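Notes follow the structure.
The values are calculated or read from the model by the stated rules, or taken from the named source; none is laboratory data. Predicted model, so just to flag it, every value in this text is computed and none were measured. Here the Cβ is made from the backbone with ideal geometry for all residues, glycine too, and neighbour counts use every protein chain on show. Side chains included, ligands, DNA and RNA excluded: accessible areas come from the protein's heavy atoms. Shrake-Rupley method; radii C 1.70, N 1.55, O 1.52, S 1.80 Å.
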Amino acid sequence: MAETCLLQTRCSFPDIELFVKAGSDGESIGNCPFSQRLFMILWLKGVIFNVTTVDLKRKPADLQNLAPGTNPPFMTFDGEVKTDVNKIEEFLEEKLAPPRYPKLAPNHPESNSAGNDVFAKFSAFIKNPRKDANENLEKSLLKALRKLDNYLNSPLPDEIDAYSTEEITVSSRKFLDGDELTLADCNLLPKLHIIKVVAKKYRNFDFPPEMTGISRYLNNAYARDEFTNTCPADQEIEYAYLDVAKRMK
């Protein structure tokens, strides 16, 4: 009887396969923050799933037939193909819901928008070839990072004890919305890591040490398998930006 129940439990898992961008060797995980975002969500949900890396230079015919004209990431869920990253996130949060699977949506709506302009500022900074424009673009990136750092260091309402005489002025939480990873982190962390790796490699730019919120945030992420095991190697990230990061003239 116990074996039957266990078998039924195993069989009741949905059949999920995630297709992500392959690295330069055609097999390892490639640089793609959207692929990592979905990879992290599925891992955090605790569901059984398969991951297939897709070599964009040699995309197999069966995959072209599965999702014609679509580059990874995309997913099959019980045989149904899903291709829009935002819609996949919404779909997974709805389908893989409590009590069996954890809720990943943030409790504080502000966490969803924290750092939402950082990657765009970074892209403008790293793609710029003109020395005379570099300083202003770097300032713009720093401003966006400072805004994110302020959010990470500002205590959330549930960190403040109304009955305590101690005033909490700096947050000690691990992630955007608290001490657990949420959808907001799955979106932001892959991008923030890319910025850290690429800006250092091609612009010798480091996150300022006084940005303690960002430092704490990344260190906590690096301590979690859900992030590190879904993350491409630094060399893959650097390689992906080899032609994107413009040389200064």
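For beta carbons closer than 9 Å, sequence separation of 6+ or different chains, a first residue in segment 155-174 that is within 18 Å of Tyr217 (Cβ to Cβ) and a second that is in a loop (DSSP other than H, G, I, E, B) and at pLDDT below 90, the qualifying pairs are Pro155/Ile168; Pro155/Thr169; Glu159/Ile168; Ile168/Ile160; Ile168/Asp161.
Restricted to segment 54-172, the set of helices (runs of 4 or more DSSP H) holding at least 3 residues that are more than 18 Å from the chain's Cα centre (by Cα) and farther than 25 Å from Pro190 by Cβ comprises 61-66, 131-153. Taking residues in segment 1-24 that are closer than 18 Å to Cys231 by Cα and open to solvent by 20 Å² or more (accessible area, probe 1.4 Å), and partners anywhere that are part of a helix (DSSP H, G or I) and modelled with pLDDT of 90 or more, the pairs with Cβ atoms closer than 7 Å and at least 6 places apart or on different chains are Lys21/Ser35; Ser24/Glu236; Ser24/Tyr239.
All conditions in (1) modelled with pLDDT under 95; (2) touching a Phe, Trp or Tyr at 6+ places or on another chain (Cβ under 7 Å) hold for Val85, with the sole exception of (1). Would you confirm whether any residue within segment 83-97 is out of contact with any Cys (no Cβ under 6 Å at 6 or more places or on another chain), on the phi > 0 side of the Ramachandran plot and open to solvent by 50 Å² or more (accessible area, probe 1.4 Å)? Checked segment 83-97: no residue is out of contact with any Cys (no Cβ under 6 Å at 6 or more places or on another chain), on the phi > 0 side of the Ramachandran plot and open to solvent by 50 Å² or more (accessible area, probe 1.4 Å). Name the single residue that is modelled with the lowest pLDDT among those in segment 146-164 being open to solvent by less than 90 Å² (accessible area, probe 1.4 Å) and of a type in the set (D, E, K, R). Ranking the candidates gives Asp161 first. Scanning segment 225-238 for residues that are open to solvent by less than 30 Å² (accessible area, probe 1.4 Å) and hydroxyl-bearing (Ser, Thr, Tyr) yields a count of 1.
I want to confirm something. Restricting to segment 101-119 and keeping residues that are surrounded by fewer than 14 Cβ atoms within 10 Å (Cβ to Cβ) and in contact (Cβ under 8 Å) with a residue 12 or more places away in the chain, which single residue is farthest from Leu137 (Cα to Cα)? Here the residue is Asn107. Annotation: of all residues in segment 198-224 being without any contact (Cβ under 8 Å) to a residue 60 or more places away in the chain and in a helix (DSSP H, G or I), the one that is most open to solvent (accessible area, probe 1.4 Å) is Lys201.
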